[in-house]
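The values are calculated or read from the model by the stated rules, or taken from the named source; none is laboratory data. Everything numeric here is computed off the predicted structure, so don't read it as measured data. Counting neighbours? That spans all protein chains shown, and the Cβs are built from the backbone with ideal geometry, glycine included. The area values use the complete protein model at the heavy-atom level, side chains included, leaving out ligands, DNA and RNA. Shrake-Rupley method; radii C 1.70, N 1.55, O 1.52, S 1.80 Å.
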Amino acid sequence: MKRIIALALALVLSIGCAAADNKNFNIRFFKDNASFFRFMEPEGGNSAFIETLETAEHRAFMTPYDSETYFSTVYPEIMVSDYTADEAEHAAFRIWIRYRGTKHLNISTVSFILDGMEYRFLDVTTPDWTATKEDGTAAEDAMIMLGKDISNATFFAGLLAKAVEYAGTKTADQETALPEMTMILHGEEDVEVTLPAAFWEETAAFAIALDSINGFQFLTKYYTGTPCEIHAN
């Protein structure tokens, strides 16, 4: 437990602090651990993306409007910008929420209920992230990003700590209870979502990796993060 608390504090205390060890974000670590992480370099851009090797099926969450063709998924990633072979000047930890369903929700905000508090994230989507698939499936994407805003970082610190605690207690031979956190998609109606086990496992993998490379300092250095309101639940 002390280790989990220390990890969460490392994120919060990194806000406003100068880089302690490295001048740039270490992406070589993720490339060297290709059995856990995938480093993707799109053509024609100066940003790359780091994900785990998890599948869409395991990332899936359920809603009352599940599509028969596509999964609704939620997963973390790291975006790195202005990078060389081994380092990046900018890094951002992000959570993608990709809803696919039989009706449009017109998602405007996303809330997470964690430890008796509601963290409501604003400005989570753009018109370009809403579409209708060929078979009529509604497709809406939303994203939240960690930054130096204290409300934002407080949520992410709690999230990462919960994920690491879950990963540390999970065993292969028995079912482990998922952390108590609810995600709510706010739009034309409120849709409550239970986050899948894969989300917690992926988030824990990133938390442990970031801690090992002293990476939190970069995630709260350049970006304010997605606006967040905190309310007592």
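Residues being of a type in the set (Phe, Trp, Tyr) and either open to solvent by 70 Å² or more (accessible area, probe 1.4 Å) or within 15 Å of PHE199 (Cβ to Cβ) (or both): count how many of those fall in segment 46-83.
Residues flagged as of a type in the set (Phe, Trp, Tyr) and either open to solvent by 70 Å² or more (accessible area, probe 1.4 Å) or within 15 Å of PHE199 (Cβ to Cβ) (or both) within segment 46-83 amount to 4.
Before we move on, is ILE184 among the hydrophobic types (A, V, I, L, M, F, W, C), within 19 Å of MET62 (Cβ to Cβ) and surrounded by 14 or more Cβ atoms within 10 Å (Cβ to Cβ)?
When the stated conditions are applied, ILE184 passes them.
So, in segment 115-142, exactly how many residues are at pLDDT below 95 and open to solvent by less than 70 Å² (accessible area, probe 1.4 Å)?
Residues flagged as at pLDDT below 95 and open to solvent by less than 70 Å² (accessible area, probe 1.4 Å) within segment 115-142 amount to 1.
Scan segment 146-154 and tell me whether some residue there is open to solvent by 80 Å² or more (accessible area, probe 1.4 Å) and within 21 Å of GLY225 (Cβ to Cβ).
yes
Just give me the residues in segment 84-110 being open to solvent by less than 10 Å² (accessible area, probe 1.4 Å) and not hydrophobic (A, V, I, L, M, F, W, C), in sequence order.
Across segment 84-110, the qualifying residues are TYR99, GLY101.
Enumerate the pairs (first residue in segment 219-233 and crowded, with 18+ Cβ neighbours inside 10 Å; second residue anywhere and of a type in the set (Asp, Glu)) with beta-carbon separation below 6 Å, excluding pairs fewer than 6 apart on the same chain, so at least 6 apart or on different chains.
Qualifying pairs under 6 Å: GLY225/ASP149.
Answer with yes or no whether ALA139 is of a type in the set (Gly, Ala, Ser), closer than 22 Å to VAL110 by Cβ, under 15 Å from the mean Cα position of the chain (by Cα) and not in a loop (DSSP other than H, G, I, E, B).
When the stated conditions are applied, ALA139 does not pass them.
What is the number of the single condition among (1) closer than 21 Å to ALA56 by Cα; (2) assigned to a loop (DSSP other than H, G, I, E, B) that ALA177 does not meet?
(1)
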